[in-house]
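I have placed the structure first, in the form of structure tokens, so that the comments after it can refer back to it.
Laboratory data are not the source of any read-out in this text; all were calculated from the coordinates shown. What you are looking at is a predicted structure, and each value in this text was computed from that prediction instead of being measured. Ideal geometry is used to build each Cβ from the backbone, glycine not excepted, and the neighbour counts take in all protein chains shown.
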Amino acid sequence: MAEPTDDQATKPESVRPLILVVDDDRSIVEGLAILLDGWGYEVVKALSAAALEAQLGGLDRAPNLIIADHYLPAGRTGREVVERVRAETGQQTPAIILTGDSTPERRDEAELLGCQLLLKPVQVGPLREAVEALCSR
């Protein structure tokens, strides 16, 4: 595998790909934000579906990727987040669903949504590969 370049990290904020990160675990959100920023992405963070929805209207552009935990507060799910963002933007935004639930139902749901499913604990290498592949679409 070729070494990634720092080209994206040196681009102005306005042209960095935008990723939405939604998880109810603050340490996961912060950790992902640090990784993604270091890889050259702009990140919008939310600890719940409702918190993300409150920020959607303020975005100046459509996101390039959604990374959402499957199980969110108030009985909400990553699937709902993906559907809401896609409806709001009118685009089939690529998405990664994070979960510790490896049941066939979770896999089927992700596949039907056209999302990539990554099982927690997520390893950095597979996460980076997924992010780069989905953001380059």
Discussion item. Counting only helical runs of four or more DSSP H residues, what would the 222 nm mean residue ellipticity of the chain come to if each run contributes -39,500 (n - 2.57) and the total is spread over all its residues?
Written reply: -12000 deg cm²/dmol
Fill in: Relative contact order computed over the chain (Cα-Cα under 8 Å; 6+ residues apart), in percent
20 percent
Discussion item. Can you tally the net charge around residue 135? Count Lys and Arg as +1, Asp and Glu as -1, for every other residue whose Cβ sits under 12 Å from the Cβ of residue 135.
Written reply: 0
